[in-house]
Amino acid sequence: MSRSKISTGVWIGTGILILCVACVVSILIGMNLGKKKSNLPLFLQNLKEENAANKQPVFPPPPTSGTEFSANVLKNFPERVEGAPGTLEGKLGWMDGEFIQISNDEIDSNDRFDTSTTVGFTISDKNGDFFEHCYADKTKLGDLLLKLKDGNQIRVIGQAMSVLRPGTDATFDVWLRVDSIQVVK
């Protein structure tokens, strides 16, 4: 009995046919997986895509009035945020960043503040610069501040104030009197 030889062309043709079938099956499986994704509710698809694409927190739109503050502006350019000479009133504004900690050291050392009703805290602005001269009314924002953890994304809204530095006659520091805090999810 003799065996017939299969030509090389038949082997190559068979191999190409198998590769084509594998590609078509892969495409169909991929399309089927795509359909399963689209069976998710639209808001879940969008949420999943936003979370994957954007790890940065999304702050709410800025207030319609006021100035965007940064630690650099408040510390180094008080003329941009101070009010009229001789007053403690300054510009209204907001600062986006991270809560760092409650810190009453500066509050305790300054006669301007009533330590029984005022709480001090430190934040890091969106540029990563620390600002230690934030203060708020304990009765209004104390509970919220106690719930915040280091690194929570927040927006503070308030007024820049010039406060006489303890032990000096004419040196002022700019403080941010915080009237509201928005926690960014």
Return a yes/no flag: does segment 163-181 have any residue that is under 22 Å from Pro78 (Cα atoms), of a type in the set (Phe, Trp, Tyr), assigned by TED's automatic domain parsing to the domain that holds Glu89 and in contact with a Lys or Arg (Cβ under 9 Å, 6 or more places away or on another chain).
yes
For segment 141-159, state whether one or more residues are in contact with a Pro (Cβ under 9 Å, 6 or more places away or on another chain), surrounded by 15 or more Cβ atoms within 10 Å (Cβ to Cβ) and modelled with pLDDT under 85.
no
What number goes with the only condition from (1) out of contact with any Phe, Trp or Tyr (no Cβ under 7 Å at 6 or more places or on another chain); (2) surrounded by 15 or more Cβ atoms within 10 Å (Cβ to Cβ); (3) free of Cβ contacts under 8 Å to residues at least 60 places away in the same chain that Pro166 does not pass?
(2)
Out of contact with any Pro (no Cβ under 8 Å at 6 or more places or on another chain), modelled with pLDDT under 90 and among the hydrophobic types (A, V, I, L, M, F, W, C): does that describe Val119?
no
Members of segment 99-152 found to be among the acidic types (Asp, Glu) and part of a helix (DSSP H, G or I), listed by number
Asp105, Glu106, Asp108, Asp143
Go through the residues of segment 123-137 one by one and say whether even a single one is surrounded by 13 or more Cβ atoms within 10 Å (Cβ to Cβ), out of contact with any helix residue (DSSP H, G or I) (no Cβ under 6 Å at 6 or more places or on another chain) and among the β-branched types (Val, Ile, Thr).
yes
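The values are calculated or read from the model by the stated rules, or taken from the named source; none is laboratory data. Small disclaimer: the values here were computed from a predicted structure and weren't measured. Backbone-built Cβ (ideal geometry, glycine too); neighbour counts: all protein chains shown.
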